[in-house]
Amino acid sequence: QVHLVESGGGLAQAGGSLRLSCAASGITFSIYTMGWYRQASGKEREWVEDVRSGGSTNYAASVKGRFTISRDNATNTVLLQMNSLRPEYTALYYCIALFASLSYWGQGTQVTVSS
C-alpha cells in the first residue's frame, strides 16, 4: 500500500520560511517523479514544482527563486524549502508521486502565511 505523508506546514509570517517534508512508502521511490501541488481556499489545485528521478527540477513561475525542492532516495523523502513567503502562498500543500500512468497523493499539509 502506498503512503505519502506530508509534514512541516504551519503558520509563518510574510518573508519567513517553512520546510515541508513528504515521506513515501510502498513505492520504488527512486524511479518516481516527486512533486508538490497546492490548493488555496476556493481555488483549483495548482502545480508548484517537481523533481524527476534523475534529479532535474521544474518550478512554477510564481515560486521560482523562492522555493527549492529536493529528494533523498535513501530515505524516500522529498523536501520543499519555502523562503520569502507571501500571504498568497497560503494553501493546502500536497505531495504527489508520478510514474507512467501511476499517481499517488498525500493528504496535504496546511501552510498559512500572515501579512
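The values are calculated or read from the model by the stated rules, or taken from the named source; none is laboratory data. As the structure is a computational prediction, the values presented were derived from the model and not from experiment. Note that each Cβ is placed from the backbone with ideal geometry, even for glycine, and that neighbours are counted across all protein chains shown. Just so you know, the surface numbers come from the protein's heavy atoms only, side chains and all, with ligands and any DNA or RNA stripped out. Shrake-Rupley method; radii C 1.70, N 1.55, O 1.52, S 1.80 Å.
Kindly check whether there is at least one residue in the range 69-82 that is over 15 Å from the mean Cα position of the chain (by Cα), among the small types (G, A, S) and on the phi > 0 side of the Ramachandran plot. Checked the range 69-82: no residue is over 15 Å from the mean Cα position of the chain (by Cα), among the small types (G, A, S) and on the phi > 0 side of the Ramachandran plot. Count of the range 12-57 residues, restricted to those that are within 19 Å of L102 (Cα to Cα) and polar (S, T, N, Q), is 5.
Can you name every residue in the range 22-32 that is closer than 19 Å to S56 by Cα, among the hydroxyl-bearing types (S, T, Y) and open to solvent by 30 Å² or more (accessible area, probe 1.4 Å)? Listed by number, the residues that qualify are T28, S30. Of the candidates T109, T68, the single residue that is without any contact (Cβ under 8 Å) to a residue 24 or more places away in the chain, out of contact with any helix residue (DSSP H, G or I) (no Cβ under 9 Å at 6 or more places or on another chain) and either among the polar types (S, T, N, Q) or within 13 Å of L18 (Cα to Cα) (or both) is T68. Taking the listed residues L102, L85, the one that is open to solvent by 60 Å² or more (accessible area, probe 1.4 Å) and at pLDDT 95 or above is L102, with no other qualifying. Has the range 37-46 got any residue that is touching a residue at least 24 places away in the same chain (Cβ under 8 Å), touching a Leu at 6+ places or on another chain (Cβ under 6 Å) and either more than 15 Å from G108 (Cα to Cα) or of a type in the set (S, T, Y) (or both)? Looking through the range 37-46, none of the residues is touching a residue at least 24 places away in the same chain (Cβ under 8 Å), touching a Leu at 6+ places or on another chain (Cβ under 6 Å) and either more than 15 Å from G108 (Cα to Cα) or of a type in the set (S, T, Y) (or both).
Comparison of S62, S21, S25, S70 shows that the only residue that is at pLDDT below 95 and more than 17 Å from S114 (Cα to Cα) is S62.
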